[in-house]
Amino acid sequence: MSEDSAAIISLLNWGIPGISNTTAVLLLGTLGDIRRFRNPNALNAFVGVDLRHYESGQFITADHISKRGNTMARKILYRTIGQMASASHYHQCHIADYYLQKKKSSQSRNSKKIAIAAVHKLIRTIYHLIIYGQKYDYQLAKHC
């Protein structure tokens, strides 16, 4: 069994509600070996959801994502949040809980920023599960 095959098997065994086998394989294909990143922030930068800050003198802009990374991975992760929110009616997930709570409490009708924050949480969760070889546990994740 090759190292790539082992990575695919570990990806499919995450057990995160809302991430199907197809989505896991797509993520593996776009992200490659997640273990090559030194921390979750490096993975965020690779995907392009890291925040970019600009200020000059008294002028300060609102932070926004850099979009410098892998466009396909960003799209897959963004759509995965919607799948996770749908699956949360049947299977609990701390990321979907976070997304739905923020969406409900938001005064704005635009939920893209909330979804990107949930993508950030998803990336951190996936990174942790791969690095430590663990399976998703809702009870453990909701306290972190």
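R124 fulfils the conditions (1) in contact with a Ser or Thr (Cβ under 8 Å, 6 or more places away or on another chain); (2) surrounded by fewer than 20 Cβ atoms within 10 Å (Cβ to Cβ); (3) modelled with pLDDT of 85 or more except for a single criterion, (1). The numbered conditions (1) under 23 Å from L28 (Cα atoms); (2) modelled with pLDDT under 85 are all true for R52 except (1). The number of residues in the stretch 27-42 that are part of a helix (DSSP H, G or I) and either buried (at least 19 other Cβ atoms within 10 Å of the Cβ) or out of contact with any helix residue (DSSP H, G or I) (no Cβ under 6 Å at 6 or more places or on another chain) (or both) comes to 8.
Look through the stretch 88-125, keep the residues that are aliphatic (A, V, I, L, M) and touching a Phe, Trp or Tyr at 6+ places or on another chain (Cβ under 7 Å), and return whichever of them is nearest to V25 (Cα to Cα). The residue in question is V119.
Screening the stretch 61-112 for residues that are among the hydroxyl-bearing types (S, T, Y), closer than 21 Å to L43 by Cα and assigned to a helix (DSSP H, G or I) and picking the one that is modelled with the lowest pLDDT gives T71. Annotation: K104 fulfils all but one of (1) of a type in the set (K, R); (2) within 25 Å of F37 (Cα to Cα); (3) surrounded by fewer than 17 Cβ atoms within 10 Å (Cβ to Cβ); the unmet one is (2).
The values are calculated or read from the model by the stated rules, or taken from the named source; none is laboratory data. Note that the structure is a prediction, hence the values are computed from the model and not measured. Note that we place each Cβ from the backbone using ideal geometry, even for glycine, and neighbour counts take in every protein chain shown.
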